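In what follows, a structure is listed as structure tokens, so that the remarks can point back to it.
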Amino acid sequence: MQSKDHSGAAPYGVEKPDAEWQRELTPEQYRVLRAHGTERAGTSPLNSEHRAGMFRCAGCGQPLFKSNTKFDSGTGWPSFYEPLAGAVGTSKDGALGMQRTEVHCSACRGHLGHVFPDGPKPTGERYCMNGAALKFEPVSAPPTAAKKE
Ligand SMILES: [Zn+2]
């Protein structure tokens, strides 16, 4: 039994029968994660998520992106310049006649979105993600640091 709960240390190989994914995910999550769908731009509530926290895979819960790597790309999809180490895998995607790099969760292989080489510093990469493929978990502020604005 492993009881690691550190970022990026989720177990590899979350494999489930398709029917199980279909049961566990919402139709939109299933369409994106398991059927390589793309949500409509501007529809994800995560576009305007600016709190500190962790973006996890909506399929298996693996931590993927920290909130401090999120930026406003103006595309209508949640965008990040850097994933957690080992959290995502990529593959070449020739769909739509364009050469794009597909991005998926390294644990469950759920489709997340694409990565483009036109992001901001320091990486210069733009991870253009479907909000439906992500779950945001805000950092719960420690009681001593609680501030009223
Ligand atoms: Zn996953």
Q: Determine if the range 79-89 includes at least one residue that is under 13 Å from residue 128 (Cβ atoms) and in contact (Cβ under 8 Å) with a residue 60 or more places away in the chain.
A: no
Q: Count, please, the residues in the range 120-149 that happen to be open to solvent by 70 Å² or more (accessible area, probe 1.4 Å), at pLDDT below 95 and not in a loop (DSSP other than H, G, I, E, B).
A: 2
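Looking at residue 65, is it within 16 Å of the ligand (Cβ to nearest atom), crowded, with 19+ Cβ neighbours inside 10 Å and within 25 Å of residue 24 (Cα to Cα)?
Numbers: within 16 Å of the ligand (Cβ to nearest atom): yes; crowded, with 19+ Cβ neighbours inside 10 Å: yes; within 25 Å of residue 24 (Cα to Cα): yes.
Spelling it out, residue 65 is indeed within 16 Å of the ligand (Cβ to nearest atom), crowded, with 19+ Cβ neighbours inside 10 Å and within 25 Å of residue 24 (Cα to Cα).
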Q: Looking only at the range 35-47, decide whether some residue is of a type in the set (Asp, Glu) and modelled with pLDDT under 95.
A: no
Q: Within the range 64-80, identify whether any single residue is modelled with pLDDT of 95 or more and within 20 Å of residue 14 (Cβ to Cβ), and answer yes or no.
A: yes
Q: For the range 66-87, name all the residues that are farther than 19 Å from residue 39 by Cα and part of a strand (DSSP E or B).
A: 66
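Please go through the range 86-106 and pick out each residue that is within 16 Å of the ligand (Cβ to nearest atom) and farther than 22 Å from residue 49 by Cβ.
Here is the first cut: in the range 86-106, the ones within 16 Å of the ligand (Cβ to nearest atom) are 86-91, 102-106.
Once the filter is applied, which keeps residues that are within 16 Å of the ligand (Cβ to nearest atom) and farther than 22 Å from residue 49 by Cβ, the range 86-106 yields 86, 89, 90, 91, 102, 106.
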Q) Of all residues in the range 20-62 being more than 21 Å from residue 73 (Cβ to Cβ) and surrounded by fewer than 17 Cβ atoms within 10 Å (Cβ to Cβ), which is farthest from the ligand (Cβ to nearest atom)? A) 27
Q. Which one of these does residue 10 not meet: (1) open to solvent by less than 30 Å² (accessible area, probe 1.4 Å); (2) modelled with pLDDT under 95; (3) more than 15 Å from the ligand (Cβ to nearest atom)?
A. (3)
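Hey, can you tell me all the residues within the range 40-65 that are free of Cβ contacts under 8 Å to residues at least 60 places away in the same chain and in a strand (DSSP E or B)? Before you say what the answer is, go through the steps one by one.
The initial filter retains those residues of the range 40-65 that are free of Cβ contacts under 8 Å to residues at least 60 places away in the same chain, namely 40-42, 48, 50, 60, 62-63.
The answer is 63, and nothing else.
The values are calculated or read from the model by the stated rules, or taken from the named source; none is laboratory data. What you see is a predicted model; the values in this text were computed from it and never measured. Positions of Cβ are generated from backbone atoms using ideal geometry, with glycine treated the same way; all protein chains shown enter the neighbour counts. Protein only, heavy atoms only, side chains kept; ligands, DNA and RNA dropped before computing areas. Shrake-Rupley method; radii C 1.70, N 1.55, O 1.52, S 1.80 Å.
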